[in-house]
Amino acid sequence: MSQRIVYVHLPRFPVQRRVLEEPGLAGRPLALVHEAKGALRVFFASGAAQRDGVRAGLTLTAARALLPALLDAPYDATAEAQTLSSLAEGFLRFTPAFMLSAPDGLWLDASAASLFGGESGLLEKVEAQARAAGYRARVVLPEVVEEVRTLEAPAESLEPLLFALKTVLDRLSARLRGRQRAAVRLTLTLVLEPTGPYPVPLALARPTTDPKLLLDLVRHRLESVRLDAPVATLIITVDESCEDRGQQGVLGDAPAGDAALETVLARLATALGPEALGSPVLADDHRPEAAHAPGPFRPPRREPGMFAEARRSPPVPPPPPDWQLERPLRLLPAEGERIEVEMNALGALCSAWVLGKRRRVLAVAGPERLGGQWWTETPFQRDYYRVHLEGLGPAWVYRSAGEGEFYLHGLFD
């Protein structure tokens, strides 16, 4: 079964709303700001402001440095959500239900499209309604790939569930292959009788259309699930997919390793919750402690063909020394912990008080100078050292320019 839904994207909706309320702002550079990280920052910018380099995340001070004529107004998330909800209610003449996708979009149920001349007619009606309300909108009709199986008799054990799931996953995989798509994230919904739906998220190690791999994942995921009622219906939904061009077998591939990794991920999700599976995402910050943030798990893409590695690895310049390539496995919170140090007459580190104990410095490598963000209100300039401390091992220590203090920033072991 394919559930049909409509997505309505309202580009820079908060800015559009503000211009509707104050027509004099049309065509002028405008930034909607909110407080984040101790400063007022741009949350949305008008097209005129973006053309001069104003982007979301900039401090208001930095944005004004780029564009002195910039106007600003506070971003009110509650008011924006209320206005978006009011706009969505106007679409109820075309759809039985909607769901907000704040701050600049919403989803509509497209099951009534036949009443408006089909899907294309429904899209035209929704776009015209948005224009009548004064908003620019892009309306698209994505497809949710979903398979449903109602059991002949409610299942109270794992085996009948797996038997039914095999058929469901075979159909789902065939549909994905027909679209040249591969599943990245899925949700298995067990509809219990009489208590209702029980969702089970499924995290994949890499995109796949292999029904056997999916069934193995589901089996391990369900082995730890304890249900308080029998299962009457199974629903498997593809929450996220990616393009799948097929993969040529490569010497050294180990398909069994994929299944093992899926099992590990399933057990991690069971023990710690699906939110515990994540991947580091680069952040717009040059400080080591803020250079990345936790993000959703995204499996790595595998290139097809025997020479994929050569295509993926273009020539690179000679690397810096090994000690500059290494980064600690553990970073201390915020900007690190200030430590007391002892230095000799030549200014070299001799010892440091760390974790309540004086520890001799056995070796030092550095400095590696890191600095940047001079264009913000909080620039930094630091000299980093890899310091081998007695009884603790290698540690990452830095000294800020203009300060005499040392900070323990991370541990390598």
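The values are calculated or read from the model by the stated rules, or taken from the named source; none is laboratory data. What you see is a predicted model, and the numbers here were worked out from it, not measured in a lab. A quick note on method: Cβ atoms are made from the backbone with ideal geometry, for glycine too, and the neighbour counts reach across all protein chains shown. Surface areas here come from the heavy atoms of the whole protein model, side chains and all, with no ligands, DNA or RNA. Shrake-Rupley method; radii C 1.70, N 1.55, O 1.52, S 1.80 Å.
The label-point distance for residue 290 and residue 383, in a model that sets each label 7 Å from Cα toward Cβ, rounds to 2.4 nm. Residue-wise HN-Hα couplings along the range 52-68, as the Karplus relation 6.51 cos²θ - 1.76 cosθ + 1.60 with θ = phi - 60° gives them from phi, are 9, x, 6, 10, 4, x, 5, 5, 4, 4, 5, 5, 6, 5, 6, 9, x Hz; Gly and Pro carry x.
For the chain, what does -39500 (n - 2.57) per DSSP helix run (n ≥ 4), summed and divided by total residues, give at 222 nm, in deg cm²/dmol to the nearest 500? Roughly -8000 deg cm²/dmol at 222 nm, from the helical runs in the chain. Here's how it looks for residue 192: its modeled amide H is under 5 Å from those of 198, 232, which are all 5 or more places away or on a different chain. Packing here is the average count of other Cβ atoms within 10 Å per residue, and on that basis the peptides 173-182, 18-27, highest first, run 173-182, 18-27. Entry comment: accessible area of the range 28-177 is 53 Å² per residue, from protein heavy atoms only and a probe of 1.4 Å. The C-alpha radius of gyration of the chain, expressed as a fraction of 2.2 N^0.38 Å, stands at 1.28. To the nearest 10, the accessible area of residue 238 is 20 Å² with a 1.4 Å probe. Alpha-carbon geometry of the range 112-226: the Rg and the Dmax are 18.8, 56 Å, given in that order. For the chain, the share of accessible area belonging to carbon and sulfur comes to 55 percent (1.4 Å probe, ligands and nucleic acids excluded). Calculated accessible area for the range 356-408 comes out at 53 Å² per residue, all protein chains present (probe 1.4 Å; ligands, DNA, RNA ignored).
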